[in-house]
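The values are calculated or read from the model by the stated rules, or taken from the named source; none is laboratory data. The structure displayed is predicted, hence computed values, not measured ones. Backbone-built Cβ (ideal geometry, glycine too); neighbour counts: all protein chains shown. Accessible surface areas use protein heavy atoms only, side chains included; no ligands, DNA or RNA. Shrake-Rupley method; radii C 1.70, N 1.55, O 1.52, S 1.80 Å.
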There are 2 protein chains.
Amino acid sequence: MLVQCVPNFSEGRDSAVIEELAASMRGRRGAALVDYSADPEHHRSVFTLVGTPEPVLAAVLDAARVALARVDLTRHQGAHPRIGALDVLPFVPLADCPSAVCVDLALRAGRAIGDLGIPVFLYEDAATRPGRRNLADVRRGGFEQLAAGPLTGERAPDFGPPAVHPTAGATAVGARGPLTAFNVLLDSADLDLGRDLARRIRGAAGGLPGVKALAILVGGRVQVSLNLTRPDLTPPHAALEWLRREAAARGAAVAESELIGTLRLEELLAAAREYLGLGELRRGQVLDLWAAALAPATVLGSDEDAEG
Amino acid sequence: MLVQCVPNFSEGRDSAVIEELAASMRGRRGAALVDYSADPEHHRSVFTLVGTPEPVLAAVLDAARVALARVDLTRHQGAHPRIGALDVLPFVPLADCPSAVCVDLALRAGRAIGDLGIPVFLYEDAATRPGRRNLADVRRGGFEQLAAGPLTGERAPDFGPPAVHPTAGATAVGARGPLTAFNVLLDSADLDLGRDLARRIRGAAGGLPGVKALAILVGGRVQVSLNLTRPDLTPPHAALEWLRREAAARGAAVAESELIGTLRLEELLAAAREYLGLGELRRGQVLDLWAAALAPATVLGSDEDAEG
């Protein structure tokens, strides 16, 4: 029974804090810190854990305590919406793990984080109110709006006190399906163009299935930041080709792209089938998958692949 | 200590025999039959085993006995050069396995196959003579030329009798590095064009590093059949882009491509970096690799991924 957990922290600049967060999640049997990356522009870091439920839960709760001690949201400025030091904490089922396992993990993590004095809002499959399913709704207005008044009534958290923590803010804890975070940078400073592309590629607007998108300026260029929630229907290459085509129609071009965190092998296979013209390509044809299963220590032996 | 073994059999049409070969290599602890495919045009099937040395050796020797009993080379016609029922048997080190482990496996497999009454020629890293390093030299003239006279003197095999087996021929057993078998089909029937492209893409002719190539007609179209022996330097996408460019310059185009057997994750990552414009993409970002290591049964549990 494997789950993935992807804690997002509002710290993307202080490498000492980022390494302290990483260290708190390492070295547990049954849970691997598989990747992490920090973005100074977004002032944000994203970690990915994979493992069985109990060690994964223990790891992220240790990390939540580090964030509480070391991240001060009142001094945080960044391009990305956020409500807390540990901003978002989603649990994702892998392979044939039932979604209910991740809902249970979200509830237990939420209760423990609430006990640290941090209000917790449950979202997506763990949401207790329809208006909180969507993470964007939970985070709307960010830390500043949550801090502007008491968290009572409609604003009451699922766990924790009825007011934001003065430095750690609040945390959104959820259970959800896959999400591939894929950013596409355009060779353009035209934020209106970026916003138009983001608006039209969104699945909710009749664009590509399962795509969430927003446009921001990063280093003077437009970045279309994509969340692919149905990578089986819209893998990265499909979203990229849409953006290449639509940007070209507006006289712009894609400069480069970046993957934040992890993706599934099937997304790479889909890209290879498309670009290499392969009629057939099966996951079983990837040697490393078999080598990982036959000699797990070659993968789990160290965290060397997780480069911050 | 993991090795890969890629037995090639001169049977690509009789599915009962192909399934019998597959069955003989399945169900061993420590060795997985990870892929196999049969090509009726080439009248050839290629199997890939991954595992620790002893169970892999046991599996391929069982398969060698099936081929001896069930494949009659005197009735074999196909587009591909071949000398035996079990035509080629290479052992390949994986991860940090030393090459010497595979040389030892080749010697032991060669001796056992020789004891079945089949002459064995050792090639590449297991070769005992300089003129036998190159598999193409070992197979030149095929079964028919080996059968034309006694295998003595310069023609003497490394193991087995001094004459081809009447139905099973001879076998080339070797130890070598990685090899990705990647076929590119052109929308052209011009075999001269194909031969020119194959000649120029070859690494030995100053083309792309580690590329071996030959051109044949398959179903009336030109197929450039590539062996990529340095996929770290020339991954499939690099060879394909070369062929796309050079074919276009001659008024032809690539129609489709196919991967025979396996490839390494790094080759998919290289293609994704190139085509998705990703500045960085690490193997640790592929979730399935971690899931395979944390829950090996999800990969090894069945041979379902190996579809003939």
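Please specify each residue of the stretch A:91-129 satisfying the condition of being open to solvent by less than 50 Å² (accessible area, probe 1.4 Å) and either free of Cβ contacts under 8 Å to residues at least 24 places away in the same chain or closer than 12 Å to residue A:56 by Cβ (or both).
A:91, A:92, A:93, A:94, A:97, A:101, A:102, A:105, A:106, A:109
Would you point out the residue of the stretch A:31-73, among those that are assigned to a loop (DSSP other than H, G, I, E, B) and at pLDDT 95 or above, that is least open to solvent (accessible area, probe 1.4 Å)?
The qualifying residue least open to solvent (accessible area, probe 1.4 Å) is A:71.
Conditions: (1) at pLDDT 95 or above; (2) within 17 Å of the chain's Cα centre (by Cα). Residue B:128 meets all but one. Number of the miss?
Single failed check for residue B:128: (2).
Cβ-Cβ below 8 Å, separation at least six or inter-chain, first residue in the stretch B:53-76 and without any contact (Cβ under 8 Å) to a residue 60 or more places away in the chain, second in a helix (DSSP H, G or I) and basic (Lys, Arg): which pairs?
Listed pairs, sorted by first residue: B:57/B:108.
Looking only at the stretch A:155-186, count every residue that is under 30 Å from residue B:277 (Cα atoms) and not in a loop (DSSP other than H, G, I, E, B) and tell me the total. Please lay out each step first, then the result.
In the first step, residues of the stretch A:155-186 are kept if they are under 30 Å from residue B:277 (Cα atoms); the result is A:176-186.
Now narrow it down to the ones that are not in a loop (DSSP other than H, G, I, E, B): A:180-186.
Result for the stretch A:155-186: 7.
So which residues in the stretch A:9-30 are surrounded by 24 or more Cβ atoms within 10 Å (Cβ to Cβ) and in contact (Cβ under 8 Å) with a residue 60 or more places away in the chain? Working first, answer last.
As a first pass, look at the stretch A:9-30 and keep what is surrounded by 24 or more Cβ atoms within 10 Å (Cβ to Cβ): A:9-11, A:21, A:25.
Selection gives A:9, A:10, A:11.
Just for the stretch B:260-286: of the residues that are over 25 Å from residue A:4 (Cα atoms) and at pLDDT below 95, which one is farthest from the other protein chains (Cβ to nearest Cβ)?
Among those that are over 25 Å from residue A:4 (Cα atoms) and at pLDDT below 95, it is B:260.
Does the stretch B:236-255 contain any residue that is assigned to a strand (DSSP E or B), more than 17 Å from the chain's Cα centre (by Cα), more than 7 Å from chain A (Cβ to nearest Cβ) and touching a residue at least 24 places away in the same chain (Cβ under 8 Å)?
Quick first cut of the stretch B:236-255, residues assigned to a strand (DSSP E or B) only: B:254-255.
Checking which are more than 17 Å from the chain's Cα centre (by Cα) leaves us with B:254-255.
Now drop any that are not more than 7 Å from chain A (Cβ to nearest Cβ), which leaves B:255.
Next, only the ones that are touching a residue at least 24 places away in the same chain (Cβ under 8 Å) stay: B:255.
Yes, the stretch B:236-255 contains at least one residue that is assigned to a strand (DSSP E or B), more than 17 Å from the chain's Cα centre (by Cα), more than 7 Å from chain A (Cβ to nearest Cβ) and touching a residue at least 24 places away in the same chain (Cβ under 8 Å).
Regarding the stretch A:135-154, can at least one residue be identified that is of a type outside the set (D, E, K, R), part of a strand (DSSP E or B) and either in contact with a Cys (Cβ under 6 Å, 6 or more places away or on another chain) or open to solvent by 20 Å² or more (accessible area, probe 1.4 Å) (or both)?
The first filter runs over the stretch A:135-154 and keeps only residues of a type outside the set (D, E, K, R), leaving A:135-136, A:138, A:141-143, A:145-153.
Those still in the list that are part of a strand (DSSP E or B) too: none.
Scanning the stretch A:135-154, I find no residue that is of a type outside the set (D, E, K, R), part of a strand (DSSP E or B) and either in contact with a Cys (Cβ under 6 Å, 6 or more places away or on another chain) or open to solvent by 20 Å² or more (accessible area, probe 1.4 Å) (or both), so the answer is no.
Can you report the number of residues in the stretch B:14-30 which are within 20 Å of residue A:286 (Cα to Cα) and assigned to a helix (DSSP H, G or I)?
Residues flagged as within 20 Å of residue A:286 (Cα to Cα) and assigned to a helix (DSSP H, G or I) within the stretch B:14-30 amount to 2.
So residue B:212 fits all but one of (1) in contact with a Ser or Thr (Cβ under 9 Å, 6 or more places away or on another chain); (2) open to solvent by less than 30 Å² (accessible area, probe 1.4 Å); what number is the exception?
That leaves (2) as the condition not met.
Here are some residues: A:198, A:189, A:204. Which one is assigned to a helix (DSSP H, G or I) and either aromatic (Phe, Trp, Tyr) or modelled with pLDDT of 95 or more (or both)?
Values: A:189 fails: assigned to a helix (DSSP H, G or I); A:204 fails: either aromatic (Phe, Trp, Tyr) or modelled with pLDDT of 95 or more (or both).
When all the criteria are applied, what remains is A:198.
Among B:248, B:291, B:255, B:239, which is the only one that is farther than 27 Å from residue A:94 by Cα and buried (at least 22 other Cβ atoms within 10 Å of the Cβ)?
B:239
Determine, yes or no, whether residue B:225 is within 8 Å of chain A (Cβ to nearest Cβ), assigned to a strand (DSSP E or B) and open to solvent by less than 30 Å² (accessible area, probe 1.4 Å).
Values: within 8 Å of chain A (Cβ to nearest Cβ): no; assigned to a strand (DSSP E or B): yes; open to solvent by less than 30 Å² (accessible area, probe 1.4 Å): yes.
Answer is no for this residue.
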